[in-house]
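The values are calculated or read from the model by the stated rules, or taken from the named source; none is laboratory data. No experiment lies behind these values; they were computed from the predicted model shown. Cβ sites come from the backbone with ideal geometry, for glycine too, and all protein chains shown count toward neighbours. Just the protein is used for accessible areas: all its heavy atoms, side chains included, with ligands, DNA and RNA removed. Shrake-Rupley method; radii C 1.70, N 1.55, O 1.52, S 1.80 Å.
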Amino acid sequence: MSLSRGVVLGTDSLVVEAAEEQLSETSSAVGAVLAGYFAATGAYAGVLLGSLGIVVAGLGSGVRVFDGRVRQPGLGTKRPRGFQPGEDVPLAAYLAAPTSLSAATLALAHDGRGTMSPLLRRAMRQAARVGSERREVLLGAVKSSGAAAFSDATFARELLLAGGMPEQGLLTPADLAPVNDAGGEAARLEGTTDWVTVPWSCEPRALLGSSLIALCVTDPRGTWAAAVFERVHDGIAIDGLDLQAPKRAEPVRRGVERVTPGSRLAGPAGIAFRLESGHPVELLVSHEATQLTASSLASASLHLKAGPGGRVTARRQ
């Protein structure tokens, strides 16, 4: 919806409400997008350990991308022997390393207009509202420690129990440390001259078991921000944290080259900005396609466009 202090448009009512509330308080598009994301982490079990993509434009430093895709686990450990053809692969072998908190933290630092605490307080209220005490406690740790929360012994233990080597998984303590390479520049959208997007692609089948939530916000300062993140429905249950993780890691198979630990895996990519003289004038976000192409721009779910006088119009289809 259009507010006196900006515009919010999204595909999930709970996420939109949290973004609107934050935007009215801080007038920050980035803060509003993150408020929506963290509200979802409290309300839904399948968000925090999934992939997140954030794109921000209008801050005078180009279009910045914050890459919270999950990564291939196995840092700091030798290659296992691998599973043989026909051998059953346990769920633990599919548990990937989350980096959503690192991406969110870097996006907030880039914006420079807020802290994580109010965002996490709202997330904790959502967790309490749905009766998830374990998730509420975890989000409290995120409020205190930021991206380092996954490395906290209490929570790392639950993740390692679900996807560590004793369960024939690949996850290690090193995989749970914050990453500092989650920020980067946008890429030119192939086949266009004035559109930019995230610098990765994604096949639709790669996100099976998840749906996507999309959100976009503009603020009075002229900042435009968008996020697409996954909500896992059919994944790996982390019962001790009341979370669900996507089945995304590539198991090591005997005789097959190992996917390099730390490699970024599939994640949502459906965000595209149109620029004029380096400034954002149009934004398209999709929660149905895993990425946007020159031929699919018109089918995007969410559409923001700057008109005369800088007035931004919003449309959802």
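Exposure check, 1.4 Å probe, all protein chains in place: Arg5 carries approximately 100 Å² of accessible surface.
If you count only protein heavy atoms with a 1.4 Å probe, what accessible area per residue comes out for the chain, rounded to a whole Å²?
41 Å²
Cut-off under 29 Å on the C-alpha distance; same-chain residues fewer than 8 positions from Lys143 excluded. Which lysines are left, in chain and number order? Reachable lysines: Lys247.
If you run the Gaussian network model on the chain, springs between alpha carbon atoms under 10 Å, then out of Leu215, Leu95, Leu106 the most flexible one is Leu106. Computed with a 1.4 Å probe on the full set of protein chains, the accessible area for Ile238 sits at about 0 Å².
To the nearest 20 Debye, how big is the dipole of segment 38-91 about its Cα centre, given +1 on the beta carbon of each Lys and Arg and -1 on that of each Asp and Glu? So the magnitude is around 240 debye. Matching the structure-derived volume of the Cα convex hull per residue in Å³ against the labelled list [x] 153; [y] 124; [z] 162 gives the label [y].
The 1.4 Å probe gives accessible areas that order Tyr37, Tyr94, Tyr44, largest first, as Tyr94, Tyr44, Tyr37.
Straight-line cross-link reach from Lys305 at under 17 Å between alpha-carbon atoms covers these aspartates and glutamates, not counting any fewer than eight positions away in the same chain: Asp194, Asp219, Glu276, Glu282. Projecting the Cα atoms of Thr223, Ile236, Gly262 onto the charge dipole of segment 210-317 (Cβ charges, centred on the Cα centre) puts Thr223 farthest toward the positive pole.
From largest accessible area down, sort Ser301, Ser151; use a 1.4 Å probe on the protein chains.
Order by accessible area, largest first: Ser151, Ser301.
In terms of accessible area, using a 1.4 Å probe and ignoring ligands and nucleic acids, Ser27, Ser295 rank largest first as Ser295, Ser27.
In the elastic network of the chain, a GNM with C-alpha springs shorter than 10 Å, the most mobile of Thr290, Thr193, Thr77 is Thr193. In the chain, helical runs assigned H by DSSP with n ≥ 4 each contribute -39500 (n - 2.57); averaged across all residues and rounded to the nearest 500, the mean residue ellipticity at 222 nm is -8000 deg cm²/dmol. Here the chain has 49 percent of its accessible surface on carbon and sulfur atoms, given a 1.4 Å probe and all protein chains in place.
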